[in-house]
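Structure record follows, encoded as structure tokens.
The values are calculated or read from the model by the stated rules, or taken from the named source; none is laboratory data. For clarity, every value in this text was computed on a predicted model and none was experimentally measured. Cβ atoms come from the backbone with ideal geometry, glycine included; neighbour counts cover every protein chain shown.
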Amino acid sequence: MSDLDELYQEVILDHTKNPRNYGKLEATIHQAEGNNPLCGDRVAISLKIDNGLINEIYFEGKGCAISTASASMMTEFLKGKKLEDFHLTFERFHNLVTGKVNSSDQFVEIGKLIAFRGVADFPVRVKCATLAWHTLKAAIEKQEQPVTTE
């Protein structure tokens with residue numbers, strides 16, 4: 001294992017053990033729930049959007065290390081960003097974890113999220129890594145049905 005891969009694993013483990021933005025906004029109009037029946041991951045996303053900016057974003061739930069770290073890193077990365085940045089970042093993140101693009105140079109804009117590049121080697125884990133992202137999309141779009149990866 002390369003030093004870079006070890007660093008990425010450490011980042012994921014840190015976010016698993018010490019998730020950022022864990023909790024729930026009480027007064028929110030953007031919220032959604034999601035689950036991954038195969039793995040047992042469950043996540044709830046709540047956020048506050050003001051003037052096109054994601055001002056506050058939190059998650060709650062229980063899941064595997066990949067799912068928890070992904071939700072934590074997603075909230076950390078997107079807090080304070082423009083709403084349209086979410087869609088571009090989601091596309092880039094999804095391409096990263098599905099292995100659609102191999103050059104890490106194309107992912108400079110996603111910062112620490114690059115730590116999930118190894119997920120592409122384990123296709124069953126893609127659903128774990130993207131659950132929070134799909135749930136956030138549902139929250140933004142005010143979908144009432146829970147998100148499922150199946």
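Only one of (1) farther than 30 Å from Glu141 by Cα; (2) surrounded by 12 or more Cβ atoms within 10 Å (Cβ to Cβ) fails for Asn21. Which number is that?
All conditions pass for Asn21, except number (1).
Only residues that are aliphatic (A, V, I, L, M) and without any contact (Cβ under 8 Å) to a residue 60 or more places away in the chain: list them for the range 106-150, please.
Correct list: Val108, Ile110, Leu113, Val119, Ala120, Val126.
Is it the case that some residue within the range 87-98 is more than 15 Å from the chain's Cα centre (by Cα) and exposed (fewer than 14 other Cβ atoms within 10 Å of the Cβ)?
For the range 87-98, residues more than 15 Å from the chain's Cα centre (by Cα) and exposed (fewer than 14 other Cβ atoms within 10 Å of the Cβ): absent.
For the range 62-103, give me each residue that is closer than 21 Å to Glu141 by Cα, free of Cβ contacts under 8 Å to residues at least 60 places away in the same chain and of a type in the set (Gly, Ala, Ser).
If the condition is that a residue be closer than 21 Å to Glu141 by Cα, free of Cβ contacts under 8 Å to residues at least 60 places away in the same chain and of a type in the set (Gly, Ala, Ser), then Ser72, Gly80 are the ones that fit.
Is one or more of the residues making up the range 63-84 within 23 Å of Lys127 (Cβ to Cβ), of a type in the set (Lys, Arg) and surrounded by 14 or more Cβ atoms within 10 Å (Cβ to Cβ)?
Within the range 63-84 (the criterion being within 23 Å of Lys127 (Cβ to Cβ), of a type in the set (Lys, Arg) and surrounded by 14 or more Cβ atoms within 10 Å (Cβ to Cβ)), the answer is no, since none of the residues qualifies.
With part of a helix (DSSP H, G or I), modelled with pLDDT of 90 or more and not aliphatic (A, V, I, L, M) as the only criterion, which of Glu60, Glu56, Glu76 stands out?
The unique qualifying residue is Glu76.
Is there a residue in the range 137-147 that is among the small types (Gly, Ala, Ser) and buried (at least 17 other Cβ atoms within 10 Å of the Cβ)?
Yes: one or more hits.
Only one of Arg125, Arg92, Arg117 is in contact with a Leu (Cβ under 7 Å, 6 or more places away or on another chain), part of a helix (DSSP H, G or I) and of a type in the set (Lys, Arg). Can you tell me which?
Every option except Arg117 fails the conditions.
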